[in-house]
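Data first, discussion second: the structure below is written as structure tokens.
The values are calculated or read from the model by the stated rules, or taken from the named source; none is laboratory data. Model, not experiment: these values are computed from the prediction. Glycine also receives a Cβ, built like all others from the backbone with ideal geometry; neighbour counts cover every protein chain displayed. We work out accessible area using only protein heavy atoms, side chains counted, and drop any ligands, DNA or RNA first. Shrake-Rupley method; radii C 1.70, N 1.55, O 1.52, S 1.80 Å.
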Amino acid sequence: MWTTRIQEKSKQHLMAIMLLLFFVSEAISKYGIRVEGGKSDIPRYIKFAVYIVLTFGLWRKTKSLIAPLVLAVIFCVGQIFLANGFNQEMVVSFSKLLFPIFLLIYFNHYPIGENERKSLFQVFEALLILNGVFIFVGFIWEIPMFRSYFGERFGYNGLFITSATSSYVYAVAIFYFLLKLKRDFLKSWKTYFVIACAIFTGTKILYIALIASLFIYLICFVNFSKQQRKLIFFVIMAACAAIAYFFFFEFGIFNQIRQNEGLLSAILSYRDDLFMEQTLPFIKENWSWANYLFGGISELSVRSQMGFIDVFLFWGILGGLYYLFTFYKSFVTFHIDKSGIYIILSLGLMVFLAGNFFENASVAIYLLILKEKLLDKTVFY
């Protein structure tokens, strides 16, 4: 009897449980890399177990498995036309790219209720506060474990293993509180706490989320006349231009990169060099006509680290369009208002400028939280 009750509760709160597991796995991975000098296998086992749960949960939902199966066929076709196309690294990468689609499809078929959604949001906020404490502790005492980067570059992201993961998590967090608080967005201490954490992570793409949240707040949640909206838009654009000029032409590491390598390298953090020196040569030397349609990659080092470009590198033109379409349709299963459109466009810009979005299992669970907040009609205080 009690085991049945535990199973039922676990199923009801599966999303919150997964959030906790993934957060813990991030912490374990980071501890292994930064302290013990090696990556733990525990996070891999956790994510594999979650994958199994999702797969069995969808086993009888035949229609829901069509898109993943089509993507699997596209992957196989592309890899067949490459030498060493089916190595272990590529198969693992394929499974990572499918994971967010499996996750979104699963909870489309098994949606959570209002009580479960409220619990999920409470867990999410608690983890943000906990990680924020580690960020500030790391900054004050200069603890390497909590840094975003190896080396001298500034940034503290707490228990998140990579700067990319923390960037997407805090972007989701900013948009989450915007959707939750609406007009009171700038009246809550949690808003400023999350914004401070975002700034301390040291990634420039988070400024997109910060600027976009301010823009959405002023345009969608505050009543202004048409003339006032035009003035606000002008002020925001002028502020963005001033901030960009300061960072890229006057101060810091991005100014140094611009002086040495050019403005595009500073904006893309050398990803343009990766594209020109690794991605394009790989395509020219290894791709046949089939790869242009269905993609193909035999080593991860040739990726450009720009999300959308790497999708087409992996899946090709037809496969990439199908993957992005499937991803979008799995995410947007509801009526989306103006604020939601702006949020999705902002995330899209972040993905274009950075990598590790589609293939990051940890990012997928936070994206699901954002979807639940977009679905949520109730404001919890």
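Structure summary
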quantity: Any hit, the stretch 137-146, residues being buried (at least 18 other Cβ atoms within 10 Å of the Cβ), over 23 Å from Lys371 (Cβ atoms) and touching a helix residue (DSSP H, G or I) at 6+ places or on another chain (Cβ under 7 Å); calculated: yes
quantity: Of the criteria (1) open to solvent by less than 30 Å² (accessible area, probe 1.4 Å); (2) out of contact with any Leu (no Cβ under 6 Å at 6 or more places or on another chain), which one Lys39 fails; calculated: (1)
quantity: Residue within the stretch 317-327 that is buried (at least 22 other Cβ atoms within 10 Å of the Cβ), under 22 Å from Gly355 (Cβ atoms), over 16 Å from the mean Cα position of the chain (by Cα) and among the hydrophobic types (A, V, I, L, M, F, W, C) present; calculated: no
quantity: Pair list, Cβ < 8 Å and 6+ apart or interchain, from the stretch 186-204 residues that are without any contact (Cβ under 8 Å) to a residue 24 or more places away in the chain and aliphatic (A, V, I, L, M) to residues that are crowded, with 20+ Cβ neighbours inside 10 Å and assigned to a helix (DSSP H, G or I); calculated: Ile195/Ile174; Ile199/Leu206
quantity: Selection from the stretch 249-270 of residues that are open to solvent by 50 Å² or more (accessible area, probe 1.4 Å) and either assigned to a helix (DSSP H, G or I) or touching a Gly at 6+ places or on another chain (Cβ under 6 Å) (or both); calculated: Phe249, Ile253, Gln256, Arg258, Gln259, Asn260, Glu261, Leu263, Leu264, Ile267
quantity: Hits in the stretch 26-51 (condition: aliphatic (A, V, I, L, M) and either at pLDDT below 85 or part of a loop (DSSP other than H, G, I, E, B) (or both)); calculated: Val35, Ile42
quantity: Odd one out for Ile336, checked against (1) crowded, with 21+ Cβ neighbours inside 10 Å; (2) within 17 Å of Ile219 (Cβ to Cβ); calculated: (1)
quantity: Residue within the stretch 246-260 that is of a type in the set (D, E, K, R) and either more than 23 Å from the chain's Cα centre (by Cα) or over 15 Å from Ser346 (Cα atoms) (or both) present; calculated: yes
quantity: Among the residues listed as Phe325, Phe380, the single one being of a type in the set (Phe, Trp, Tyr) and modelled with pLDDT of 90 or more; calculated: Phe325
quantity: Residue ranges of helices (runs of 4 or more DSSP H) in the stretch 288-367 with at least 3 members hydroxyl-bearing (Ser, Thr, Tyr); calculated: 307-331, 338-353
quantity: The stretch 189-206, residues that are of a type in the set (S, T, N, Q) and either more than 16 Å from the chain's Cα centre (by Cα) or open to solvent by 40 Å² or more (accessible area, probe 1.4 Å) (or both); calculated: Thr191
quantity: Selection within the stretch 53-71 - out of contact with any His (no Cβ under 8 Å at 6 or more places or on another chain) and open to solvent by less than 70 Å² (accessible area, probe 1.4 Å); calculated: Leu54, Thr55, Leu65, Ala67, Pro68, Val70, Leu71
